[in-house]
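Structure first, commentary second.
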Amino acid sequence: MSYEEYHRSEKSSDTSVDLHVFDMRGKTAAIGNKFKGKGYENTDFYQNVNLYFCDIPNIHVVRDSFKDLVKLVSMYQFQSALIV
């Protein structure tokens with residue numbers, strides 16, 4: 001469910017619920033991308049939203065490592081199923 005869908009639902013009347021948005025880039029990189037016409041989430045448009053920058057230096061390496069980990073776990077699960 002997107003934030004917009006949530007906001008339109010009856011649950012949005014609960015103001016004690018916060019939405020936490022995590023941008024994996026550093027804030028400097030996000031601001032730099034904003035000048036290129038890209039940018040990051042503008043929390044001024046939403047209620048109860050917190051934006052966090054995680055300062056991961058190279059998210060592409062992290063993504064590729066995650067894909068490799070998923071492949072490894074999938075191979076292990078497949079091999080374990082054959083042994084049973």
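The values are calculated or read from the model by the stated rules, or taken from the named source; none is laboratory data. Predicted model only: the values in this text are computed from it and were never measured. Note that each Cβ is placed from the backbone with ideal geometry, even for glycine, and that neighbours are counted across all protein chains shown.
Laid out as a table, the results:
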quantity	calculated
Cross-chain or 6+ apart pairs with Cβ under 8 Å, region 40-68 first and β-branched (Val, Ile, Thr), then at pLDDT below 85 and not in a loop (DSSP other than H, G, I, E, B)	49/3
Test for residue 40: is it in contact with a strand residue (DSSP E or B) (Cβ under 8 Å, 6 or more places away or on another chain), part of a loop (DSSP other than H, G, I, E, B) and either surrounded by 12 or more Cβ atoms within 10 Å (Cβ to Cβ) or at pLDDT 85 or above (or both)	yes
Residue count for region 50-61, restricted to those that are at pLDDT 90 or above and either hydroxyl-bearing (Ser, Thr, Tyr) or not in a loop (DSSP other than H, G, I, E, B) (or both)	5
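Residue by residue, here is whether (1) in contact with a Pro (Cβ under 8 Å, 6 or more places away or on another chain); (2) surrounded by 12 or more Cβ atoms within 10 Å (Cβ to Cβ); (3) among the aromatic types (Phe, Trp, Tyr); (4) at pLDDT below 90 holds:
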{"residue": "13", "(1), (2), (3), (4)": "no, no, no, yes"}
{"residue": "17", "(1), (2), (3), (4)": "no, no, no, yes"}
{"residue": "45", "(1), (2), (3), (4)": "no, no, yes, yes"}
{"residue": "65", "(1), (2), (3), (4)": "no, no, no, no"}
